[in-house]
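The values are calculated or read from the model by the stated rules, or taken from the named source; none is laboratory data. Computed from a prediction, not measured in an experiment: that's the story for all the values here. Neighbour counts run over all protein chains shown; Cβ positions are idealised from the backbone, glycine included. Please note that ligands, DNA and RNA were not included when accessible areas were found on the heavy atoms of the full protein model with its side chains. Shrake-Rupley method; radii C 1.70, N 1.55, O 1.52, S 1.80 Å.
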Amino acid sequence: MKVIAFLGSPREGGNSDLLLREVIGAVEESGSDVRLFHLNKMNIMPCQNCGGCDETGACIYDDDMTQVYDAIRSADRIILASPIFFFALSAQTKTMIDRCQAFWCEKYLLKKPIPEGPYKRKGLLLLVGGMKKEIGIQCAEATATAFFRTVSVPAHKTLSYRGVDAKGAILQHPVALKEASEAGKELITV
Ligand SMILES: Cc1cc2nc3c(=O)[nH]c(=O)nc-3n(C[C@H](O)[C@H](O)[C@H](O)COP(=O)(O)O)c2cc1C
């Protein structure tokens, strides 16, 4: 089973990173490798809305998104981890998602969605926000849902944690790491 993960936080050892590591640990313990994309370290240009993908479903730009397109196309499981920044997904996460407009064209204009694959496709969304307000989580969830459906992931589970702000504060959360580990195991069940 091919599992890929996107870390959308710039903070190494931060809360999204720690949650994601827990998920990845559980997935790997169950026997599947995970290909991790550390979005903050990647060279991904924001979508230019050039229309280049409208008729082909392929982006005309060649940067680090090229490897992401290939990985998304062949993934059985997709994990997305992002902090909440200004009531939304982080810019690192959103930039990658916007470039998936190429998949949107392929699916909705060319009527060629990514095939379901042998294990069906499933997603896992991890969100961490420093504030107690829910609005940021709701906005991020809406965007992430649009992403998952665009790349033909029909269902995803979301784990979201609010009021977790300082670097590493998630380690003090009563259930977050356990839930992340369980979600990792659950993700790769067929
Ligand atoms: C630029 C910026 C904007 C932020 N905006 C929000 C916000 O709108 N809502 C919120 O709950 N937390 C906000 N936060 C706090 C982060 O979500 C919080 O620190 C989180 O734990 C960071 O996760 P990380 O350690 O995975 O990067 C913001 C932080 C930064 C740096």
Original post:
How large is ³J(HN,Hα), in whole Hz, for each residue of the stretch 162-177 in order, when computed from phi with the Karplus curve 6.51 cos²θ - 1.76 cosθ + 1.60 and θ = phi - 60°, using x for Gly and Pro?
Top reply: 10, x, 10, 10, 5, 4, x, 4, 4, 5, 8, 5, x, 10, 4, 5
Original post:
Given Cα pairs under 8 Å that are at least 6 residues apart, what percent is the relative contact order of the stretch 77-171?
Top reply: 36
Original post:
Roughly how many Å² is the accessible area per residue of the stretch 2-76, as a whole number, for a 1.4 Å probe?
Top reply: 49
**OP:** Would you mind working out the magnitude of the charge dipole of the chain relative to its Cα centre, with +1 at each Lys and Arg C-beta and -1 at each Asp and Glu C-beta, to the nearest 20 Debye?
**Re:** 380
Original post:
Any idea what log10 I(q)/I(0) is at q = 0.11, 0.12, 0.24 Å⁻¹ for the stretch 128-190, Debye with uniform C-alpha scatterers and no solvent?
Top reply: -0.31, -0.37, -1.10
Subject >> Cα-centred dipole magnitude for the stretch 1-58, charges only on beta-carbon of K, R (+1) and D, E (-1), debye, nearest 20 >> reply: 140
Original post:
Charges only on Cβ, +1 for Lys and Arg, -1 for Asp and Glu: so what's the dipole of the stretch 37-87 about the Cα centre, in debye to the nearest 20?
Top reply: 280
Original post:
Once the chain is represented by equal point scatterers at the alpha-carbon sites, with solvent omitted, what log10 I(q)/I(0) does the Debye formula produce at q = 0.10 Å⁻¹?
Top reply: -0.37
Original post:
At a Förster distance of 30 Å, what's the computed FRET efficiency of Glu28 paired with Glu55, Cβ-Cβ distance as r, to 0.05?
Top reply: 0.15
Subject >> Which of Phe37, Gly8, Cys47, positive extreme of dipole for the stretch 8-68 (C-beta unit charges) >> reply: Gly8
**OP:** Could you check how much of the accessible area of the stretch 27-161 is carbon and sulfur, as a whole percent, using a 1.4 Å probe?
**Re:** 53
**OP:** Would you work out which of Val175, Phe86, Thr189 lies farthest towards the positive end of the dipole of the chain, given +1 charges on the beta-carbon of Lys and Arg and -1 on that of Asp and Glu, about the Cα centre?
**Re:** Val175
**OP:** Indicate the gyration tensor shape class of the stretch 1-102 (rounded, prolate or oblate), computed on the Cα atoms with a ≥ b ≥ c the square roots of the eigenvalues: a/c under 1.5 is rounded; otherwise a/b larger than b/c is prolate and the rest oblate.
**Re:** oblate
Original post:
Using alpha carbon centroids, what distance separates the stretch 139-154 and the stretch 105-129, in Å?
Top reply: 8
**OP:** State, to one decimal in nm, how far the label point of Arg73 lies from the label point of Val175, with both points 7 Å from Cα in the Cβ direction.
**Re:** 4.1
Subject >> Accessible-area order (highest first, 1.4 angstrom probe) of the listed residues Asp76, Asp62 >> reply: Asp62, Asp76
**OP:** Identify the residues of the stretch 90-125 with backbone N under 15 Å of a label point that sits 7 angstrom from the Cα of Gln48 along the Cα-to-Cβ direction, or state none.
**Re:** 99, 102
Original post:
Within the chain, what percent of beta bridges assigned by DSSP are antiparallel, to the nearest 5?
Top reply: 10
